[in-house]
Amino acid sequence: MVVEVIKYDPRDAASNDIIVYKHESEDFSCNAQLLVGPTQIALFINEGEVVPFLPGHYTLDDSNNSAFKFIQKWRTRFSKGESSFHCSVFFINLVTLQDLRFGTQNPIQMEDPIEGVNIHVRAAGLFGAHIDNDDKDGQKVIKFFTKVVGSRELFTKHDLEAYLRGKIVERVSDLLGKTMVQKGIGILKVSAYYADLSDSLKQQMIPYFEDFGIAIDNFSFMTINVPDEDLIAINEAKIRTRQMDMESEALARKRAREGYTYQQEKGFDVMKEAAGNEGGGNGGLMGAGMGLGVGLGVGGAMGGAFGNLANETFGSMKQNPNQNQVENSGAKCPKCGSNVAVGAKFCPNCGNKLVETCPKCGHEIVHGAKFCPNCGNKLTNSCPKCGSDLEPGAKFCPNCGEKVA
């Protein structure tokens, strides 16, 4: 069959979706006309060699002035006295293809960096691409033809979309996981970062697809989401966190009103538990107080205060085990002499204010305390002879009888 004109001229919308088209004939007579459209490149394939022809009008002959002189190997045969070229011709469509779609087939498993729950992230979006001939020499088109198309006679927009989609999803999984974790972006706020993520992924893909002769023109995420069950888990985690925050804020306000710290509260809890343990010994109770003081990092003075408090409590328990802990505390209202609970700011009997301040650091202290909970300063007088603690206003030491006033 003698072909006078070699061309590919798509006329309908379906034909516009064809990226690579192989001409139906392989034998071309001399003086045949090759027409390459403005958005096309023609590739002549002869015995493994690929020669590109840019948009234009060419006459096929065997003269040295012909554009076909670059085809070094060609066969000559005689048919009615005329020589002809035997080769294959492929037309490559260079138009930009928009509205190509991608989406993760399998969800990306990761931990939400905000709520700390396992989630399964899904993503989908649109992108545009074209076969790269920006250098106007056809070499990248040859790269695309040899690496992607191969021996296929027809390669469509949907084939290109499927090829690119698989490569893009690889990058999406890696990018989303790293970005959300490194930047601390939770799934509930990721929609605010669609533009940044889209630009970042496009820049990562440009050099990757250049190796296949493909140029990415645009890229955008349309949705990044998780299944409903993951949203339920996230909401439950947020509710638990908020409840814990509210409880912590309420306890902090309570401590502020009553004039004690978290460390003191823990100390009171330990002493209460130890006082109710009938099987405990003096050494064990004292050790509990010392361990609490050191464990909370409040220094040796605070540990000593808890140790002394333990000794006094244990001693009172031995003398009268039926008395309650408030009475065993040894704290009394300086105005009416009524027993007061450790940590109380006012006397329950007369309403006298019991809060005092440390003479060294000025921190609030509970009446009857022997050490400052802030700086560890000793707050009670001691006998110069035996070192026993003295009650305020005492004239003689209750332990050795030494006169102290």
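The number of residues in region 117-166 being among the acidic types (Asp, Glu), exposed (fewer than 15 other Cβ atoms within 10 Å of the Cβ) and either assigned to a helix (DSSP H, G or I) or touching a residue at least 40 places away in the same chain (Cβ under 8 Å) (or both) comes to 3.
Tell me yes or no: at least one residue of region 225-232 is assigned to a helix (DSSP H, G or I), buried (at least 17 other Cβ atoms within 10 Å of the Cβ) and at pLDDT 65 or above.
The first filter runs over region 225-232 and keeps only residues assigned to a helix (DSSP H, G or I), leaving 228-232.
Those left that are additionally buried (at least 17 other Cβ atoms within 10 Å of the Cβ): 230.
Keeping just the survivors that are at pLDDT 65 or above gives 230.
Yes, some residue in region 225-232 is assigned to a helix (DSSP H, G or I), buried (at least 17 other Cβ atoms within 10 Å of the Cβ) and at pLDDT 65 or above.
For region 238-250, the tally of residues that are farther than 14 Å from GLU115 by Cβ and either open to solvent by less than 80 Å² (accessible area, probe 1.4 Å) or of a type in the set (Ser, Thr, Tyr) (or both) stands at 2.
Does region 96-116 contain at least one residue that is surrounded by 18 or more Cβ atoms within 10 Å (Cβ to Cβ), small (Gly, Ala, Ser) and part of a loop (DSSP other than H, G, I, E, B)? Looking through region 96-116, none of the residues is surrounded by 18 or more Cβ atoms within 10 Å (Cβ to Cβ), small (Gly, Ala, Ser) and part of a loop (DSSP other than H, G, I, E, B).
Taken together, CYS375, CYS383, CYS361 contain a single residue that is at pLDDT 80 or above and exposed (fewer than 14 other Cβ atoms within 10 Å of the Cβ), which is CYS361.
Candidates are the residues of region 354-405 that are among the hydroxyl-bearing types (Ser, Thr, Tyr) and assigned to a loop (DSSP other than H, G, I, E, B); the one that is nearest to CYS333 (Cα to Cα) is THR380.
Could we say that PHE85 is at pLDDT below 90 and assigned to a strand (DSSP E or B) here? Taking the combined requirement at face value, the residue satisfies it. In the set (1) within 27 Å of ALA215 (Cα to Cα); (2) open to solvent by less than 60 Å² (accessible area, probe 1.4 Å); (3) among the hydroxyl-bearing types (Ser, Thr, Tyr), THR39 fails one condition alone, (2). In region 196-220, the residues that are modelled with pLDDT of 90 or more and in a loop (DSSP other than H, G, I, E, B) form Cβ pairs under 8 Å with partners that are of a type in the set (D, E, K, R) and crowded, with 16+ Cβ neighbours inside 10 Å, at six or more places apart or across chains, as follows: ASP211/LYS143; PHE212/LYS143; GLY213/ASP132; GLY213/LYS140; GLY213/LYS143. In region 233-259, the qualifying residues are those that are in a helix (DSSP H, G or I) and of a type in the set (Gly, Ala, Ser), and the one that is modelled with the highest pLDDT is ALA233.
The values are calculated or read from the model by the stated rules, or taken from the named source; none is laboratory data. This structure is a prediction, so every number in the text was calculated from the model and none was measured. Glycine also receives a Cβ, built like all others from the backbone with ideal geometry; neighbour counts cover every protein chain displayed. Side chains are part of the model used for accessible areas, which takes the heavy atoms of the whole protein and leaves out ligands, DNA and RNA. Shrake-Rupley method; radii C 1.70, N 1.55, O 1.52, S 1.80 Å.
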